[in-house]
Amino acid sequence: MEALILLFVLALIGWFWFDTLRAREAAMLVSRQMCQQFQLQLLDDTVRLIKIGITRDQHGRLKLQRHYCFDFSGDKEERQQGFLQFNGLQLKMVDLPGYVNRTIMV
C-alpha cells in the first residue's frame, strides 16, 4: 500500500513539473508575441512565475492559475514589467503598462 501511495505522489509531482514547463513555454511565447506586436524589446528573454493558485474554469473544473511577469523596454533604456495570467494553459490576462492594460483574453 505504501508503495502505491509513493507511486501516486511521484506521478503527481511528475505531472505538475511537466505541466509547469508547458505553461512556462506558453508564457514565453505570449510575452515574445506581445513585445513583437508593440515593437518592444523583451529583456532577459525570460518570464518569472510569481504566483500559483487553483481556480475553476467555465465548466467548473479545477485548473492551476499561474501569474507570470517579464521585463520589457519600449525605449531601450527604461525597464518595465509586463504580467500574464494563465488558467491551465489558457491565457486569461495580459498587462503591459502603457501599452495594454488588463486586457482579458478568453
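Since every read-out is calculated from the coordinates, none of them should be taken as a lab result. Source: prediction; values computed, not measured. Ideal geometry is used to build each Cβ from the backbone, glycine not excepted, and the neighbour counts take in all protein chains shown.
By a straight-distance test (C-alpha under 14 Å), which aspartates and glutamates pair with Lys51 as possible cross-link partners, with residues fewer than eight away in the same chain excluded?
Reachable aspartates and glutamates: none.
Can you report the principal axis dimensions of the chain using only the alpha carbons, biggest first, rounded to whole angstrom?
60, 30, 17
Percent relative contact order of the range 1-92, based on C-alpha pairs within less than 8 angstrom and at least six residues apart?
Taking the mean separation of contacting Cα pairs over the length of the range 1-92, I get 22 percent.
Would you mind getting me the FRET efficiency between Leu10 and Met93? Use the beta-carbon distance for r and R0 = 30 Å, nearest 0.05.
Working from the Cβ atoms, E equals 0.35.
Using a simple charge model, +1 on the beta-carbon of Lys and Arg, -1 on the beta-carbon of Asp and Glu, nothing else, what dipole does the range 2-104 show about its Cα centre, in debye to the nearest 20? Don't jump to the answer; show the numbers that get you there.
Working: 13 positive and 11 negative charges, 81 e Å.
Using only the charged Cβ atoms, the result is roughly 380 debye.
Could you please report the charge total around Arg79, scoring K, R as +1 and D, E as -1 over all other residues with beta-carbon less than 11 angstrom from its beta-carbon? Intermediate results must be reported in sequence, preceding the final value.
Working: positive: Lys76; negative: Asp44, Asp71, Asp75, Glu77, Glu78.
For residues surrounding Arg79, the net value is -4.
Give me the number: length gained by fully extending His59 to Gln81, i.e. 0.36 nm times residue separation minus the C-alpha to C-alpha distance, one decimal in nm. All intermediate terms of the calculation are to be shown ahead of the outcome.
Values: separation 22, 0.36 × 22 = 7.92 nm, distance 3.20 nm.
Full extension from His59 to Gln81 adds 4.7 nm.
Under a GNM of the chain (C-alpha, springs under 10 Å), which listed residue has the highest mean-square fluctuation: Arg32, Arg22, Arg61?
Arg61
Output the antiparallel fraction of DSSP beta bridges having both residues in the range 2-104, as a percent to the nearest 5.
100 percent
Per DSSP H run of at least 4 residues, take -39500 (n - 2.57); add these up for the chain, divide by its residues and hand me the 222 nm value, nearest 500 deg cm²/dmol.
-12500 deg cm²/dmol
Using only Cα atoms, find the angle between the long axis of helix 2-37 and the longest principal axis of the chain, and express it within 0 to 90 degrees, rounded to the nearest 10.
The helix 2-37 is inclined about 10 degrees to the chain.
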